[in-house]
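Every number in this text was worked out from the coordinates using simple rules, so none of it is lab data. In this text, all values refer to a predicted model and were calculated from it rather than measured experimentally. Methodologically, a virtual Cβ is constructed for each residue, glycine included, from the backbone with ideal geometry; neighbour enumeration extends over all protein chains shown.
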Ligand code: SAM
């Protein structure tokens, strides 16, 4: 059968563009795989939760709906904050519904969605020795400066030698910018565990206190695109997170302005649906960073069959998260500077099947088109857990998902 243009584009790029709405469906595995030359992100290790058997899903759903019903019996009136949150939701809803509709009508895409987890790549790749301690723990101990990572550069194949003699470079793993400046994947070893660094990528693994080390000496070396996914505190104490969170005031001191290119940067901030947080970002955080709000994008989460992961109207468990986009004009002194950020249409929807460990889809590539005039664009991800070609990844565990069990 003839494959639609959209579907064949999707299979190559990981992006399916719906014609009649401002929404896209993305496969994070395909998006990430654009970074690698020899290695592949394992779809099996990326996805799992939303590919469970339909029987298991049904069981879970019925137990969930029982829980919900119990909650609903309590009469509920919105307080002021909840009312504002509900209003935001109602404003977003038409766009979210339209995106759902586009997805459900893309029958060619729906047919392949159920198989996104079965790509190539090994599923059994659990290395004999796995580094069990976390980077977060190791980075905190007094010995942190002494921990080293070994980068193994492949010999230039043009040399024609049949003996593969890797040249090794041993570097401090914490508080140090580690760069793969080659155009090939580079393997690395830390504590008997293998990692893969994509071409033209770098990471800086440190605590928030060292983030100032990333500020460029020259302003024309700043970043034009900055994606930030902070470890926000979660209202519900029982939500089990795999990483430490920080109170909001810690983020006020992030040096976004100093990190931005003097000709401006596009800033993309992941936020939760808590109204208190939205208020903080609008009234305090963006002003403190010198960021001007531009638009809101939504990440809409679906299951492999195309249905939403939860009811759109569930107040405390929305099937979407927001990305607030803003513009930061760096520290340029002339006031009449012309920003290089292109106009961004509001309310765009990015649909995907969520990965495990609450990974966010890699949206950086989708935002590149709005950063004009800089080639190559200088891109920075803050609080990153993975690396992408062309990007600097910063956080206290930026190579977490570079481990060979995820990329092999
Ligand atoms: N966007 C990432 C993804 O999709 O995988 C998730 C980022 S997660 C919300 C926040 C990250 O910030 C976690 O990796 C956490 O360990 C890190 N983090 C928490 N406290 C930190 C600190 N004080 N300094 C640096 N990073 C920190």
If the chain between residue 110 and residue 12 were fully stretched, how many nm would it gain, using 0.36 nm times the residue separation less the Cα-Cα distance?
33.7 nm
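Explain nothing, just the number: relative contact order of the stretch 268-408, from Cα pairs under 8 Å at least 6 residues apart, as a whole percent. Walk me through the numbers on the way to the answer.
Working: 186 pairs, mean separation 28.3, N = 141.
About 20 percent, as a whole number.
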Please arrange 3, 387 by how many other C-beta atoms lie within 10 Å of their C-beta, fewest to most.
3, 387
How large is the Kirkwood hydrodynamic radius of the stretch 275-408, counting all unique pairs of alpha carbons, in Å?
17.3 Å
Ranking of 340, 88 by count of other Cβ atoms within 10 Å, fewest first:
88, 340
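Provide the packing ranking of 139-152, 167-180, i.e. peptides ordered by the mean count of other C-beta atoms within 10 Å per residue, highest first. Let's see the in-between values first.
Values: 139-152: 14.1, 167-180: 15.9.
Most protected by this proxy first, the peptides run 167-180, 139-152.
Find the relative contact order for the stretch 172-305 and round it to a whole percent, using C-alpha pairs within less than 8 Å whose residues are 6+ positions apart.
20 percent
Could you list 383, 223 in order of exposure, starting from the residue whose Cβ has the fewest other Cβ atoms within 10 Å?
Ordered by Cβ neighbours within 10 Å, fewest first: 383, 223.
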What FRET efficiency do you get for residue 118 and residue 210 if R0 is 35 Å and r is their Cβ-Cβ distance, rounded to the nearest 0.05?
0.30
